[in-house]
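This report concerns only the one structure given below.
The values are calculated or read from the model by the stated rules, or taken from the named source; none is laboratory data. Source: prediction; values computed, not measured. Cβ sites come from the backbone with ideal geometry, for glycine too, and all protein chains shown count toward neighbours. Calculation scope for accessible area: heavy atoms of the full protein, side chains included, ligands and nucleic acids excluded. Shrake-Rupley method; radii C 1.70, N 1.55, O 1.52, S 1.80 Å.
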Amino acid sequence: MVFRSICTIFAADNRRKGLDMCTYIAEIKATYTEVGRETSRVARKSFSKPVELINKENFDIDEFLDAINIITKDLNSVTQATHDLIEVVRNNFCEISTSEAEELLELSHPIYDKMQKLYHKLLSSPFYKGMKTAVELYSDAMSEFDELCHDLKTFRIDLEQNDEFKEVERKLSEMLRR
């Protein structure tokens, strides 16, 4: 899986190799893009064939269950990719600058919109009851992604612009140097 290789291998190996934050940010952005693509793909691909099946006059229950399995597998892929993305950003959270956080937030909004559209599509799907657990896990991942975006804004952007925080940070740095 592309996401697993980007996220886990990158996070584990590259720190030891001493790659700079620019490289991390490039990889994080690539992972954001992949999550967005995967979410769009699942929204398009996963529902086309299953909907064809239930639109047939006589569809087989096995076909219906196969459709649920197809959607669930794809949804689990997006959920895992989202968790991987969150992990990579969280692991590098302290190194992310204000401008990099702003860039990541710019990338986050369209992805979150896609995630919400997919979620609502899943809720209204005739397959929902058969994949309820996967949808709930996806919803949890979506909430975690939203929380990550909030954390980026609060701790990497808003606090960096707060003069009182900067002063406390400066004093703490001085104390640690002693």
(message) at pLDDT below 90, over 13 Å from the mean Cα position of the chain (by Cα) and under 25 Å from LYS29 (Cα atoms): is that true of PHE127 in this structure?
(response) no
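To keep it simple, each residue is scored yes or no on (1) touching a residue at least 24 places away in the same chain (Cβ under 8 Å); (2) part of a loop (DSSP other than H, G, I, E, B); (3) surrounded by 15 or more Cβ atoms within 10 Å (Cβ to Cβ).
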site	(1), (2), (3)
TYR112	yes, no, yes
MET115	yes, no, yes
TYR119	no, no, yes
SER125	yes, yes, yes
LYS132	no, no, no
TYR138	yes, no, yes
MET142	yes, no, yes
LEU148	yes, no, yes
LYS153	yes, no, yes
(message) Restricting to segment 82-96, name every residue that is over 17 Å from PHE155 (Cβ atoms) and open to solvent by less than 10 Å² (accessible area, probe 1.4 Å).
(response) THR82, ASP84, LEU85
